[in-house]
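S.K.: Dumping the structure here so I can ask a few things about it.
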Amino acid sequence: MVHTLTGHCAKVMAAKFMGEPNKVVTGSHDRTLKIYDLRIRACVETKFAMSSCNDLVTSETVGTTIMSGHFDKRIRFWDTRTEKPHTEIEVQGRVTSLDLSRVGSCSFL
């Protein structure tokens, strides 16, 4: 069965499962991150990310952590239980992709 998740008003650049099979986080050029519950097929939370999101990484071991890479040269670290990022790292260029190693270190391009 195929479902369309709605809510973003611009191009969606990334979508990742959040450590459980029924939750997905998406990042968009509309400067938001959205968390969807696939059981009810709806957005359950929206986070304003302040810049276009190019990629996302979620921690498989900690289901509440999201890392997002942005056009504004920042990587933001989110706790899903809060509205705003708890940490931001500024890098030298736009972040176009992210990856998380098995030992938990973050890589970016």
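The values are calculated or read from the model by the stated rules, or taken from the named source; none is laboratory data. What you see is a predicted model; the values in this text were computed from it and never measured. When we count neighbours, we look across all protein chains shown, and the Cβ atoms used for this are built from the backbone with ideal geometry, even at glycine. For the accessible areas, the whole protein counts, side chains as well, though only heavy atoms, and no ligand, DNA or RNA atoms are used. Shrake-Rupley method; radii C 1.70, N 1.55, O 1.52, S 1.80 Å.
S.K.: Out of Asp55, Asp72, report the one residue that is within 15 Å of Gly27 (Cα to Cα), among the acidic types (Asp, Glu) and assigned to a loop (DSSP other than H, G, I, E, B).
M.R.: Testing whether each residue is within 15 Å of Gly27 (Cα to Cα), among the acidic types (Asp, Glu) and assigned to a loop (DSSP other than H, G, I, E, B) leaves just Asp72.
S.K.: OK, next. Output the qualifying pairs, or none if there are none: Cβ atoms under 8 angstrom, residues six or more apart or on different chains, first residue in region 86-100 and over 19 Å from Thr65 (Cα atoms), second residue of a type in the set (A, V, I, L, M) and in a strand (DSSP E or B).
M.R.: Going by the 8 Å Cβ cut-off, the qualifying pairs are Val91/Ile75.
S.K.: Residues in region 75-102 that are part of a strand (DSSP E or B), closer than 20 Å to Val12 by Cβ and touching a His at 6+ places or on another chain (Cβ under 8 Å): how many?
M.R.: Count: 2.
Each row is one residue, and each column tells you yes or no for (1) crowded, with 19+ Cβ neighbours inside 10 Å; (2) under 9 Å from the mean Cα position of the chain (by Cα); (3) under 27 Å from Gly93 (Cα atoms).
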position: Cys9; (1), (2), (3): no, no, yes
position: Ala15; (1), (2), (3): no, yes, yes
position: Gly19; (1), (2), (3): no, no, no
position: Gly27; (1), (2), (3): yes, yes, yes
position: Leu38; (1), (2), (3): no, no, no
position: Val44; (1), (2), (3): no, no, no
position: Phe48; (1), (2), (3): no, no, yes
position: Val57; (1), (2), (3): yes, yes, yes
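S.K.: Only one of these is free of Cβ contacts under 8 Å to residues at least 40 places away in the same chain, open to solvent by less than 60 Å² (accessible area, probe 1.4 Å), hydroxyl-bearing (Ser, Thr, Tyr) and touching a Ser or Thr at 6+ places or on another chain (Cβ under 7 Å): Thr80, Thr65. Name it.
M.R.: Unique residue meeting the criteria: Thr65.
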